[in-house]
1. Could you check, for the stretch 167-186, whether at least one of its residues is open to solvent by 30 Å² or more (accessible area, probe 1.4 Å), modelled with pLDDT under 95 and among the charged types (D, E, K, R)?
2. Could you please tell me which pairs satisfy a Cβ distance under 8 Å, a separation of 6+ or placement on different chains, a first residue in the stretch 400-423 that is without any contact (Cβ under 8 Å) to a residue 60 or more places away in the chain, and a second residue that is charged (D, E, K, R) and assigned to a loop (DSSP other than H, G, I, E, B)?
3. If only one of 327, 348 is surrounded by 22 or more Cβ atoms within 10 Å (Cβ to Cβ), at pLDDT 95 or above and out of contact with any His (no Cβ under 9 Å at 6 or more places or on another chain), which one is it?
4. Sort out which residues of the stretch 436-456 are over 20 Å from residue 389 (Cα atoms), of a type in the set (Gly, Ala, Ser) and not in a helix (DSSP H, G or I), and write them in order of number.
5. Only one of (1) out of contact with any Gly (no Cβ under 6 Å at 6 or more places or on another chain); (2) assigned to a strand (DSSP E or B); (3) at pLDDT 95 or above is not met by residue 197, so which one is it?
6. Quick check on my filter: what residues within the stretch 330-345 are outside any helix (DSSP H, G or I) and either at pLDDT 80 or above or touching a Ser or Thr at 6+ places or on another chain (Cβ under 6 Å) (or both)?
7. What number of residues in the stretch 151-166 are open to solvent by less than 20 Å² (accessible area, probe 1.4 Å) and not small (Gly, Ala, Ser)?
Amino acid sequence: GGAGGGGGGAVTPLSIDDASVPPPPAGGQVLCCGYPGGDNISVTKGIISRYDMMRFGHEGGDSTAKLLVIQIDAAINSGNSGGPVFDGMGRVCGVAFCKDADNGTDNVGYIIPTSVLRTFVAEVQTHGKWPGIPGLGFDFQTIENECQRRALKMEEAGLSGVLVTSVAPLAPLSSVLKPLDVILSIDGVEVANDGTVRLWTNAGEAAAAATPAATPEAAPADTPADGTDGEAGAGASGAAGAAGEAKAGGDGAAGEAKANAALAIAGQRVDFDHLITQRRVGSTVAISLLRDGSQISVTGTVSPVPRLVPLYHGYDAFPSYFIVGGLVFAPLSVPLLESMGSELTDPLLFLAFQYMADNLAKKKEGQQIIVLQRILSSDDVNFGYDEVAPAILTSLNGVELNSMLELAEQVEAARKSGEQFYTFETKSSQRVVLDVKDCTKHEKDVLAANQIQSAMSTDLRDRRKGK
């Protein structure tokens, strides 16, 4: 249905549903529409500089994976974001995303291509919410060194790829990948030694797509190398073939322009992450590997990789706390760090970002990093510990703790077993020793003095009841 327009007429929605509409090639024209700096529609014109990969981050942190973006030279300002971007034939090829404002560059903006938008809409329709972006779940190393390739027995077979160095225990592909595997191709698309893949894989169609691109009014292109909108095809030699076909298909300057456009289309390369992150959650991928000198094929499914440190409030991070003896504990997350602000000490900040960067550290479901966020001062219970928080908790009474639930259970176990002390140890080698009976005796007073109704958050209480 339409929406009311300024003149009272209906507005026809723009469609992004047609997967057969080819994205424009590098050099193709685009028009960005939006309302930067005013209430009247603004249209800016530019060209596509290249295709690239970027993390689609919320404020306060990076996303878990990189997705495809299109770099353009048209101005994108506040008021453009989310507006439609049209190719030279008037078709929607993406939406305005952001500009590069931090690196001293000029005329560098980014749009989100329609292939990413279609995946997002389909995922929300299927799952009822955004399920996240499929991630790699493994660390890798490029193999541009010739000695490295010889040691891996790649040179004699003329192979290329990337080396898997470690695999996250909970990663979806952990069942099919091992350290020292060499990933040669994904769904038939060859991975180069520098970790890139060809974005456009059908060289014949690249030549055909170049035909209207020779004129300023048109800028269609080939189909991308993904499991939804395209199929794996020719290699680098196909790019030259496409250019030859394009040149032969025209005469003079027009044929030369077609050839150049075909090369621009076929030569686009992006990080191989694209072959995973552009998939829908639960999709199957076929991976060709070199393992112990032998080529094998494996099949796995892709989905988001569980993070040890949640990133976004309301998506993977939710308020949770536990209080004992005035000590306030919470699971480490980016929203928690943002809320603590100036309370953060340098050692905790360093450790927090180290944990955030190392997703492979999550070894089991429910694992969390527990932070002693602050201490609610009480001379009857915790006098003398004001300088300990914030800190990362490692153990209670000698028992290593890996989640808020384990913390709550260990506190209860110590109380029921008649332990005299709670001995908390932190990552920074500090100890907090509290008297168990004093903590129990003064718990209500400490909570009341700070206007806190319960010693634990609702989510933690529900999890304890459900166990």
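1. Looking for residues that are open to solvent by 30 Å² or more (accessible area, probe 1.4 Å), modelled with pLDDT under 95 and among the charged types (D, E, K, R), one finds none in the stretch 167-186, hence no.
2. Matching pairs, first to second residue: 402/364.
3. Working: 348 fails: at pLDDT 95 or above.
The unique qualifying residue is 327.
4. Once the filter is applied, which keeps residues that are over 20 Å from residue 389 (Cα atoms), of a type in the set (Gly, Ala, Ser) and not in a helix (DSSP H, G or I), the stretch 436-456 yields only 454.
5. It fails just one condition, (3).
6. First, pick out the residues of the stretch 330-345 that are outside any helix (DSSP H, G or I): 330-333, 344-345.
Within the stretch 330-345, 330, 331, 332, 333 qualify.
7. Step one: of the stretch 151-166, the residues open to solvent by less than 20 Å² (accessible area, probe 1.4 Å) are 154, 161-164.
Filter again for not small (Gly, Ala, Ser), leaving 154, 162-164.
Of the residues in the stretch 151-166, 4 are open to solvent by less than 20 Å² (accessible area, probe 1.4 Å) and not small (Gly, Ala, Ser).
One line per residue, one yes/no per condition, for (1) open to solvent by less than 50 Å² (accessible area, probe 1.4 Å); (2) in a loop (DSSP other than H, G, I, E, B); (3) without any contact (Cβ under 8 Å) to a residue 40 or more places away in the chain; (4) in contact with a Gly (Cβ under 8 Å, 6 or more places away or on another chain):
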site	(1), (2), (3), (4)
93	yes, no, no, no
110	yes, no, no, no
130	no, yes, no, no
134	yes, yes, no, no
139	no, no, no, no
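The values are calculated or read from the model by the stated rules, or taken from the named source; none is laboratory data. What you see is a predicted model; the values in this text were computed from it and never measured. Cβ atoms come from the backbone with ideal geometry, glycine included; neighbour counts cover every protein chain shown. SASA here: full protein model, heavy atoms, side chains in, ligands and nucleic acids out. Shrake-Rupley method; radii C 1.70, N 1.55, O 1.52, S 1.80 Å.
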